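The values are calculated or read from the model by the stated rules, or taken from the named source; none is laboratory data. For clarity, every value in this text was computed on a predicted model and none was experimentally measured. Reconstructed Cβ throughout: ideal geometry from the backbone, glycine too, with neighbour counts over all protein chains shown. When the accessible area is computed, the model is the full protein with side chains, heavy atoms only, and any ligands, DNA or RNA have been set aside. Shrake-Rupley method; radii C 1.70, N 1.55, O 1.52, S 1.80 Å.
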Amino acid sequence: MDTHMMETYLAILREELVPAMGCTEPIALSYAAAQLRKTLGMEPEQLKALCSGNIIKNVRCVQIPNSGGMKGIEAAVALGVFGGNADGIMEVLESVTEEQRQKARAFVSEGRCEVTLLESDAPLHFILEGQAGSHSALIEVCHEHTNVIRMEKDGTVISRSSAAVQHSLPADRSILNLDSIYAFANEAPSEALNVLFEPVIRMNIDIACEGLSGDYGLSIGKVLMEVHADHIETRMKAYTAAASEARMDGCDMPVIINSGSGNQGIASTVPVIVYCREKLIGREKMVRALAFSSLLTIYQKEFIGRLSAFCGAVSACCASGAAITYLAGGTMEQIRATIDNTLANIPGIICDGAKISCAAKIATCLDAAMMAHHLAMRGKAYQAYTGILRQNTGKTISCVGHIGRVGMKETDRDILNIMLT
């Protein structure tokens, strides 16, 4: 792999693997709300949030971290206004005080935040408007969780970006493909990978341990450990599901996200880390497998998009399964077979918003990915043109992405309508 491609791949990982507290959609609203207050120069008296369907879907049921149990768009916006630190970006709510939580609760209970559906072709799109006396401010975010494309004060545009119609992250993702991801995982400098993945290993395992020791959701991780703790794959599922459940149920510990999603960050890394620890696989091989899994998740999500009706656990667990094949000494053919076997099985799992049951979907997807791995290691793979499988794995990934981005648009609208009625 040449130096330019190596640096581009490292840049992609740096852009995508960033820390976030809580589910990324409410946190994105809190971040924009903190920016709104900063722009307005005072606390707003009234707020309006115009949100795309996928923002509404992913904020409705999930508990906001450091909120004292609050949920919903109104709460996320109010917390960002009264307690958010915009400089914290996706950790914007890290330092919210009880006084600020009370102010946010009062603001919401008084009905001073109006939520409206924003008709937009971009799944991730919202506009926040705030008023205080004769003054007003506006913040518009599109495509990426912190990608502010418009900022206004008293009707005057302070900044505007054309990024509404293009990818806002600078590193060129068009170079991503399975062969070069494999080459990067094998050839990237160990030191650079260690720096990138040290916080991934630490944060994502820390919240997994918290999920297993605490009382979150239905305690899926604990139940799995009670039923069959002596099997490595059960422990992989238990740790991964527990991390997701803690995050979805309001745990204020940060995770390292992938492609804008904490659950994808968890599902693409925690199974790999647990597998390596159980198998006594060294640190260098672990970080190379994590690079492979993380980049394969990003590659798949490039076709699907940040938000859709397609469950992101499918892509992330597919990547973890392929990384396990990589760790087990599988050939490139077997790695491709792991991906094909997974995508022949579970791409029909829908996203019906962020919530504690995401943990169950992750456990199910990881089951499918490990079955795909075991089949591949025994030389068994579904052939091209079996269902949606194409003549090569890259083409299959692009076709699955097309289904998620384009084919499931009507499904996405139906899911939203069902959730709101």
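The table for this structure:
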{"quantity": "Helix 312-327 axis, angle to the chain major axis (alpha carbon atoms, nearest 10°)", "calculated": "30"}
{"quantity": "Computed lengthening from GLU99 to GLN391, 0.36 nm per intervening residue step minus Cα-Cα distance", "calculated": "99.2 nm"}
{"quantity": "Amide H contacts under 5 Å for VAL62, placed H, 5+ residues apart", "calculated": "GLY72"}
{"quantity": "Separation between Cα centres of the stretch 1-53 and the stretch 354-378, rounded to whole Å", "calculated": "28"}
{"quantity": "Value of [θ]222 nm, deg cm²/dmol, for the chain, DSSP H segments ≥ 4, -39500 (n - 2.57) each, nearest 500", "calculated": "-17500 deg cm²/dmol"}
{"quantity": "Gaussian network model of the chain, Cα within-10 Å springs - most flexible of PRO123, PRO44, PRO19", "calculated": "PRO44"}
{"quantity": "Dipole in debye (nearest 20) - the stretch 169-281, about Cα centre, beta carbon charges: Lys, Arg +1; Asp, Glu -1", "calculated": "100"}
{"quantity": "Loop sites in the stretch 271-346: trypsin sites (Lys or Arg not before Pro), DSSP, at most 15 other Cβ within 10 Å", "calculated": "LYS279"}
{"quantity": "Farthest positive-ward along the stretch 73-150 dipole, Cα basis, beta-carbon charges - from VAL81, THR116, PHE126", "calculated": "VAL81"}
{"quantity": "Anisotropy class of the stretch 31-122 from Cα gyration tensor, a/c 1.5 cut", "calculated": "rounded"}
{"quantity": "Per residue value of the accessible surface for the stretch 81-146 (all protein chains in place, 1.4 Å probe), Å²", "calculated": "47"}
{"quantity": "Residues whose placed amide H lies under 5 Å from that of ALA132, excluding near-sequence neighbours", "calculated": "GLU45"}
{"quantity": "Pairs beyond 31 Å (Cα-Cα), from LYS301/LYS355; LYS48/LYS409; LYS71/LYS222; LYS57/LYS222; LYS48/LYS395; LYS48/LYS355", "calculated": "LYS48/LYS395"}
{"quantity": "Cα shape, the stretch 101-242, gyration tensor, a/c 1.5 rule", "calculated": "oblate"}
{"quantity": "Nearest-ten-degree value, helix 178-187 long axis tilted from longest Cα axis of the chain", "calculated": "80"}
{"quantity": "Tilt relative to the chain, helix 332-343 - C-alpha long axis, 0 to 90 degrees, to 10", "calculated": "50"}
{"quantity": "Solvent-accessible area per residue, Å², over the stretch 203-272 with all protein chains present [probe radius 1.4 Å]", "calculated": "31"}
{"quantity": "Cα-based shape type of the stretch 352-408, given that a ≥ b ≥ c are square roots of the gyration tensor eigenvalues and the cut on a/c is 1.5", "calculated": "oblate"}
{"quantity": "Candidates ILE149, ILE175, ILE339, ranked by Gaussian network fluctuation over the chain, Cα under 10 Å, top entry", "calculated": "ILE175"}
{"quantity": "Charged-residue dipole, Cβ positions (Lys, Arg, Asp, Glu), the chain about Cα centre, Debye nearest 20", "calculated": "740"}
{"quantity": "Rounded percent of accessible protein surface that carbon and sulfur make up, the chain, 1.4 Å probe", "calculated": "51"}
{"quantity": "Nonlocal amide H pairs with CYS351, under 5 Å, H built at 1.01 Å", "calculated": "PHE310, CYS311"}
{"quantity": "With at most 14 other Cβ atoms within 10 Å, longest stretch of the chain clear of loop GluC sites (Glu not before Pro) (DSSP)", "calculated": "120-421"}
{"quantity": "Selected from THR386, THR269, THR97 as most flexible by GNM, with the chain as the system and alpha-carbon contacts under 10 Å", "calculated": "THR386"}
